Amino acid sequence: MTSTDFSYPQPTDDELAAQQPRVPAPPVHPVYASPRPDDLADAHNGVNTRMDGAASVKSPALGKVAVALSIVAMALSLAASVILGVTVGPSEAASGYYFTDTPHWYQTLATVLVGVQGLCTCLGLTGIILGITAAVTGRGRTPGSIAIAVAAIAPFVSFGTFVALAFIAA
């Protein structure tokens, strides 16, 4: 390809092609292949072992951690919603409509439960991030997918439980 700027001589396509290497460069990343029988014999001796697809299976621990965080976040959030949903109606009926009209101990309880909900939000987001990482990198694809689903559904279940119990208890 030549330039339309004729004030300076430009190389032609053939000249540019001649500057390229004739042999393609070897791949930068290692290429894994099926093990050969002689490699399997050496693997038992611990000499010249290769990493194959089956041998380099990653641990599913990250997916399991993501599931654990998501389940803990859902359980804590659901417990906080149940406690707050059951007590908000009777407290409002006994003390008044405004939050500041309620007794001090109930204000403290409600504030702590809302703080627990914030903690559960952070745990759920961490579970989603770890679940996505586990699913993408292959370190526990199924547990990572389960963690994403649990952490994504947990806020809806928790809020729905709170609203339902608040209406029932009122």
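The values are calculated or read from the model by the stated rules, or taken from the named source; none is laboratory data. Here the structure is a predicted model, which is why all the values come from computation and not from measurement. In this analysis, Cβ positions are derived from the backbone assuming ideal geometry, glycine residues included, and neighbour counts consider all displayed protein chains. When the accessible area is computed, the model is the full protein with side chains, heavy atoms only, and any ligands, DNA or RNA have been set aside. Shrake-Rupley method; radii C 1.70, N 1.55, O 1.52, S 1.80 Å.
List of remarks:
- With every protein chain in place, segment 92-170: carbon and sulfur % of accessible area (1.4 Å): 76 percent
- The modelled label-to-label distance between LYS58 and VAL23, using points 7 Å beyond Cα along the C-beta direction, is 3.4 nm.
- Applying 0.36 nm per residue to the separation of THR111 and ALA152 and subtracting their alpha-carbon distance, the gain on full extension is 12.4 nm.
- Subtracting the Cα-Cα distance of LEU16 and LEU125 from their residue separation scaled by 0.36 nm leaves 34.0 nm.
- Cα→Cβ-extended label distance, 7 Å offset, between ALA75 and THR137, nm: 2.6 nm
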